[in-house]
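Okay, so here's the structure we're looking at.
No value in this document is a laboratory result; all are computed from the given coordinates. These numbers come from a predicted model, not from an experiment. Quick reminder, even Gly has a Cβ in these numbers, built from the backbone with ideal geometry, and neighbours come from all protein chains shown.
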């Protein structure tokens, strides 16, 4: 049992507020989807971008307040944005885990769907990006979009809250709390369960996301204390929409 007193209690209260804001921010959006009949796929890219950037700024601002109130020094280490051991960072974050899990199956698809790979890859093309931009810059927008998504998901919703929680409730409890709260936000699972919305991915896709992006990513982060390699792997290896954007904009028919 962890006994919290003084500054520890203040920091934990701020962290609770941080997660409350993280969840409350999207509540109006998902309620609108549920009761006003908004079509998620029909939303303007610029509307989605504005929502994501505002969320990033809001969480970053609260994070800075927490750091200040906790008497900590503002540092990239608290956000997983430093590399202590480059070898470990990219070994654990990239090649050892993600490439083996994702690239091998993807390579098999290239063989199995030989001649039909275009339709297979483009099935993941995010239409809200393809509609909004000339084809040639769709890859750039796709990379930027999922980089922002990765920063929010892994810097602000994994690395930072884990670092703060670990200082006050211990490593194992911090891991469990961060993981559970992250799962509720990724793919909007909390709002799906509470509001009865359809899941935006398949059940299998959700399970894979939880295992790889949740459990595995957080375990690797706890080992290497850097989110940079994980972020690179997420954008360029894990996310099928990014590969679809690149193929669509700069592929063989360009």
* Asked: Within segment 142-168, whose backbone N sits under 11 Å from a point 7 Å along Cα→Cβ of residue 219?
  -> none
* Asked: Exposure proxy check: 17, 147, 202, 178 ranked by fewest other beta carbons within 10 Å?
  -> 202, 17, 147, 178
* Asked: Can you give the extra length, in nm with one decimal, that the chain gains between residue 208 and residue 43 once fully stretched, where that is 0.36 nm per residue apart less the Cα-Cα distance?
  -> 56.8 nm
* Distance in nm between label sites at residue 81 and residue 194, each 7 Å beyond Cα in the beta-carbon direction? -> 2.9 nm
* Given labels modelled 7 Å from the Cα in the Cβ direction, how far is it in nm from residue 124 to residue 65? -> 3.8 nm
* Structure fact -> Subtracting the Cα-Cα distance of residue 240 and residue 132 from 0.36 nm times their residue separation yields 37.0 nm
* Hey, with R₀ at 22 Å, roughly what FRET efficiency would residue 201 and residue 250 work out to, going by the Cβ-Cβ distance, to 0.05? -> 0.30
* Asked: Between segment 15-55 and segment 166-208, what is the C-alpha centre distance in whole Å?
  -> 16 Å
